[in-house]
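Colleague: Below is the structure I would like to discuss, written out as structure tokens.
The values are calculated or read from the model by the stated rules, or taken from the named source; none is laboratory data. On a predicted model such as this, the values are computed, not experimentally measured, just so you know. Cβ placement follows ideal geometry from the backbone for every residue including glycine, while neighbour counts extend to all protein chains displayed.
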């Protein structure tokens, strides 16, 4: 006995086959695009290089008060979802300077047993004031403009700290010996600067070459 499909059933069967072919083609396109992106990222990473060097501290307490950074780099840079922290401990901003990528949200903690306040008198033509708040309270702020942000406290005038809002993620704070290293930099020509206790050094134009480490010392 042979079963014969009607015209309607055949039409539905053909439509199903066409639908699955379209889904397969779409999935194949997504797969190709995904593989292209992965290949691009792996290639870019394999061509990324390192800048390293040293800074000669003038005083022993200068450690943690220096930032070395590339002023401008091509690309679109997305801030991390993890918020860096600026704390207040023993009436001191910790860390003294916090470099961040533009668009980063910073969490401001108060670990002191007393009330503290955080404000800046001027930052890229703007001001901000997080108000006065007690221990264990956290207040957050998103830095959407480039520049140096001086942090002050209107209750404790000796308190001073800084947020350095940068255009790209190629920055670092030297270690206690003054040594620094910036990794994963694409080959190219850049202006390298140093921020030191609220002062910015003249730019040093450097060339990062493929397969070579770039050494730049600051004196």
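Colleague: Answer with yes or no whether residue 127 is surrounded by fewer than 14 Cβ atoms within 10 Å (Cβ to Cβ) and not in a strand (DSSP E or B). Spell out how you get there, then give the answer.
Modeller: On the way: surrounded by fewer than 14 Cβ atoms within 10 Å (Cβ to Cβ): yes; not in a strand (DSSP E or B): no.
Spelling it out, it is not the case that residue 127 is surrounded by fewer than 14 Cβ atoms within 10 Å (Cβ to Cβ) and not in a strand (DSSP E or B).
Colleague: Moving on to the next point. Check off (1) farther than 22 Å from residue 214 by Cβ; (2) crowded, with 16+ Cβ neighbours inside 10 Å; (3) in contact with a strand residue (DSSP E or B) (Cβ under 9 Å, 6 or more places away or on another chain); (4) not assigned by TED's automatic domain parsing to the domain that holds residue 156 for residue 67 and give me the number that stays unchecked.
Modeller: (1)
Colleague: Mind checking which strands (runs of 3 or more DSSP E) fall wholly inside the range 32-108 and carry at least 3 residues that are under 25 Å from residue 154 (Cβ atoms) and at pLDDT 95 or above?
Modeller: On the way: elements: 49-54, 66-70, 85-88, 97-101.
In the range 32-108, the matching strands (runs of 3 or more DSSP E) lie at 85-88, 97-101.
Colleague: Could you look through the range 149-195, keep only residues that are on the phi > 0 side of the Ramachandran plot and surrounded by 14 or more Cβ atoms within 10 Å (Cβ to Cβ), and pick out the one that is modelled with the highest pLDDT? Break it down stepwise before answering.
Modeller: So in the range 149-195, the residues on the phi > 0 side of the Ramachandran plot come out as 178, 184, 188.
From what is left, the residues that are surrounded by 14 or more Cβ atoms within 10 Å (Cβ to Cβ) are 178, 188.
Working: 178: 94, 188: 97.
Applying the filter and picking the extreme gives 188.
Colleague: Residue 216 versus (1) under 23 Å from residue 102 (Cα atoms); (2) surrounded by 15 or more Cβ atoms within 10 Å (Cβ to Cβ): which is the lone unmet condition?
Modeller: Of the numbered conditions (1) under 23 Å from residue 102 (Cα atoms); (2) surrounded by 15 or more Cβ atoms within 10 Å (Cβ to Cβ), the odd one out for residue 216 is (1).
Colleague: Related question: Residues of the range 103-114 being in contact with a strand residue (DSSP E or B) (Cβ under 8 Å, 6 or more places away or on another chain) and either exposed (fewer than 15 other Cβ atoms within 10 Å of the Cβ) or under 26 Å from residue 81 (Cβ atoms) (or both), which ones? Explain how you work it out, then say what you get.
Modeller: Looking only at the range 103-114, we keep the residues that are in contact with a strand residue (DSSP E or B) (Cβ under 8 Å, 6 or more places away or on another chain), and these are 103-112.
Across the range 103-114, the qualifying residues are 103, 104, 105, 106, 107, 108, 109, 110, 111.
Colleague: Tell me which of these residue 121 doesn't satisfy, since it passes every other one: (1) closer than 27 Å to residue 81 by Cα; (2) at pLDDT below 95.
Modeller: Here residue 121 meets the rest and fails (1).
Colleague: Does the range 180-203 hold any residues that are under 19 Å from residue 100 (Cβ atoms) and outside any strand (DSSP E or B), and which are they?
Modeller: If the condition is that a residue be under 19 Å from residue 100 (Cβ atoms) and outside any strand (DSSP E or B), then 197, 198 are the ones that fit.
Colleague: Name the residue, out of 1, 12, that is at pLDDT below 95, surrounded by fewer than 16 Cβ atoms within 10 Å (Cβ to Cβ) and outside any loop (DSSP other than H, G, I, E, B). Explain how you work it out, then say what you get.
Modeller: Values: 1 fails: outside any loop (DSSP other than H, G, I, E, B).
On inspection, the qualifying residue turns out to be 12.
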